[in-house]
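Have a look at the structure below, then the notes.
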Amino acid sequence: MTPTTTPDPEYHAARATLYCTAAAAFTYPTEDTVRELLDPEARAGIERAAEQLTVAEEATALLEALAETDVEDLRTAYNELFGLPSDDGTYAVIPYEAHYTTRDEISSEQRRIATVVGLMEEFGLEPSDDFAERQDHAAAELELAQVLAGQRAVALESGESTAAERVGQAEATVLADHLVEFVPALAHDLRRATDEPAYEAAADLVEELVTYDNGKHPDPSVSADAANGGETP
């Protein structure tokens, strides 16, 4: 029995905790977000979850960097990385899946984004009113992984094995067909573009988390694109 086929809801709740942490690291930094991550109870929960998924070093490095960095400095770094183009109109890092997986081919990009949107709608995830990014943004897809892991934990806790299996198959699809397809490359670009410790640590955590979790999931039986009548770009 692999970790991701275990009926232990606490394991999947730990996965949800870490995906929540990773998603927060890729959203625009606010006082509230940083305070919530560094709340003693929340921090202890993140550290326990990280131990279970063998990413303790990366999670601790992120939390320590956040504790040591002023929020204004985080905002400046975020804008330099993701929010403000250079003089030639390019961005230091582009946090969208389709940028890495479709090579800027418009029809493939549209199909890829539509597939992500379909998965989010299927599992009840809607962007908040203040989230102005495309839904293939790294933070949105990490939040989708968080929601799926949380739903799986709840289904297992309730003894709903069929629902848990369905969610597990969706998780395998999100990991194999989406997150692992671009997160390592995004993390590489992020490390190369910044010397801000918090974002270096965020890159390390998200890459290790996605790589570990994908390795523990079985291959999806049907890809998300095939299920929607298309082919993976």
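Just a few scattered comments:
- Selection status of residue 153, within 16 Å of residue 12 (Cα to Cα) and in contact (Cβ under 8 Å) with a residue 60 or more places away in the chain: yes
- Some residue of region 48-60 being β-branched (Val, Ile, Thr) and open to solvent by less than 60 Å² (accessible area, probe 1.4 Å): yes
- Given (1) in contact (Cβ under 8 Å) with a residue 24 or more places away in the chain; (2) open to solvent by 10 Å² or more (accessible area, probe 1.4 Å), index of the condition residue 178 fails: (2)
- Taken together, the residues in region 89-99 that are touching a helix residue (DSSP H, G or I) at 6+ places or on another chain (Cβ under 7 Å) and open to solvent by 50 Å² or more (accessible area, probe 1.4 Å) amount to 2.
- Pairs are defined by a Cβ separation below 6 Å, a sequence spacing of at least 6 or placement on different chains, a first member in region 116-128 that is exposed (fewer than 15 other Cβ atoms within 10 Å of the Cβ), and a second member that is in a loop (DSSP other than H, G, I, E, B) and small (Gly, Ala, Ser); no pair meets this definition.
- Within region 110-155, the set of residues being of a type in the set (Lys, Arg) and farther than 15 Å from residue 171 by Cβ comprises 111, 112, 134.
- Odd one out for residue 65, checked against (1) open to solvent by 40 Å² or more (accessible area, probe 1.4 Å); (2) more than 18 Å from the chain's Cα centre (by Cα); (3) aliphatic (A, V, I, L, M): (1)
- Selection status of residue 204, assigned to a helix (DSSP H, G or I) and either modelled with pLDDT of 95 or more or open to solvent by less than 10 Å² (accessible area, probe 1.4 Å) (or both): yes
- Put simply, of 43, 112, 103 the only residue that is surrounded by 15 or more Cβ atoms within 10 Å (Cβ to Cβ) and farther than 18 Å from residue 202 by Cα is 112.
- Per-region count, region 105-120, residues among the aliphatic types (A, V, I, L, M) and more than 16 Å from residue 146 (Cα to Cα): 3
The values are calculated or read from the model by the stated rules, or taken from the named source; none is laboratory data. These numbers come from a predicted model, not from an experiment. Using ideal geometry, Cβ is built from the backbone for each residue, glycine included, and neighbour counts are taken over all protein chains shown. Calculation scope for accessible area: heavy atoms of the full protein, side chains included, ligands and nucleic acids excluded. Shrake-Rupley method; radii C 1.70, N 1.55, O 1.52, S 1.80 Å.
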